[in-house]
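Novice: One structure, as structure tokens, below. Some questions next.
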Amino acid sequence: MKQFLTMVVMMALTMPVFGQNQQTLLQGDIDHGGYGGPVLKAVQIDGSTEMMVGGRGGWIINHTFVLGGGGYGLASNHPAGEDSLLELGYGGLYCMVILQSDEMIHVTAGSMFGAGGIDRRPDLEDWEDYDHNNNDGNPFWVIEPEVNLELNVTNFFRIGAGVSYRYVKAMDGFDTMGIELSGYAANLEFKFGGF
């Protein structure tokens, strides 16, 4: 027992020595923040411009790095064949870098990595007649890099506007029903939180 205690004490005394020169991605005091808010997207789908709405939020590390998540759904009625409309949604995790966060106008750049689904629904005037649970959907992978200009309106409110490119790949065994989903988007985001 005495040897065990001696070994524990020796390890405790030498641990600070081994850790002194360790380099890490984040050093010193780390500031934490976070935000959330709605996002509007004017997107290209199958050669036409449509609207998507959604939201996202994230954890801000040292006013510079963001780890978060978000999701978007098609808000406009895009025709998808005879008497049917397109249903589309996607979401996932995203990483972002904020450049010079304290400047009134600054740049953010990042990318979303996630998945989504596409399907058709009947063009019905009465939505109560439609069984939403009856859709299996066609799943796909999505990667969406983006660049934005961001305006610091107040200490807790920011507005971002920019462009992104949505790269879509159908999952094995499924397709996107012949509809071209990859394309550019113009983004408008409203952020509320502690930056």
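Novice: With Cβ to Cβ distances under 11 Å as the rule, what net charge do the other residues near Leu86 carry (K, R +1; D, E -1)?
Specialist: On the way: positive: Arg120, Arg121; negative: Asp46, Glu50, Glu87, Asp119, Asp123.
So the environment of Leu86 carries a net charge of -3.
Novice: What FRET efficiency comes out for Leu151 versus Ala42 if R0 is 22 angstrom and r is the Cβ-Cβ distance? Round to the nearest 0.05.
Specialist: Numbers: r = 19 Å, r/R0 = 0.86.
After rounding, the FRET efficiency stands at 0.70.
Novice: Ignoring ligands, DNA and RNA, what percent of the 1.4 Å accessible area of region 42-195 is carbon and sulfur?
Specialist: Working: 4720 of 8150 Å².
C and S atoms contribute 58 percent here.
Novice: Given 0.36 nm per residue, what is the gain on full extension from Ala170 to Ser84 after removing their alpha carbon distance, in nm? Don't skip to the answer; put the middle values down first.
Specialist: Values: separation 86, 0.36 × 86 = 30.96 nm, distance 2.10 nm.
That pair, Ala170 and Ser84, stretches by 28.9 nm at full extension.
Novice: Hey, if we sort Glu82, Glu150, Glu103 by accessible area with the 1.4 Å probe, largest down, what's the order?
Specialist: Numbers: Glu82 165, Glu150 5, Glu103 100 Å².
The residues order as Glu82, Glu103, Glu150, largest area first.
Novice: Please provide three numbers in whole Å: the alpha-carbon extents of region 40-181 along the principal axes, with the largest listed first.
Specialist: 51, 33, 28
Novice: Also, quick follow-up: Using 0.36 nm times the number of residues separating Ser76 and Glu103, minus their current alpha carbon distance, what extension gain do you get? Don't skip to the end; give the middle numbers.
Specialist: Values: separation 27, 0.36 × 27 = 9.72 nm, distance 3.55 nm.
The span from Ser76 to Glu103 would gain 6.2 nm if fully extended.
The values are calculated or read from the model by the stated rules, or taken from the named source; none is laboratory data. Just so we're clear, the structure is a prediction, and the values are computed from it rather than from any experiment. No Cβ is skipped: glycine too gets one built from the backbone with ideal geometry, and neighbour counts run over all protein chains shown. Quick note on the areas: whole protein, heavy atoms, side chains included, nothing else; ligands and nucleic acids left out. Shrake-Rupley method; radii C 1.70, N 1.55, O 1.52, S 1.80 Å.
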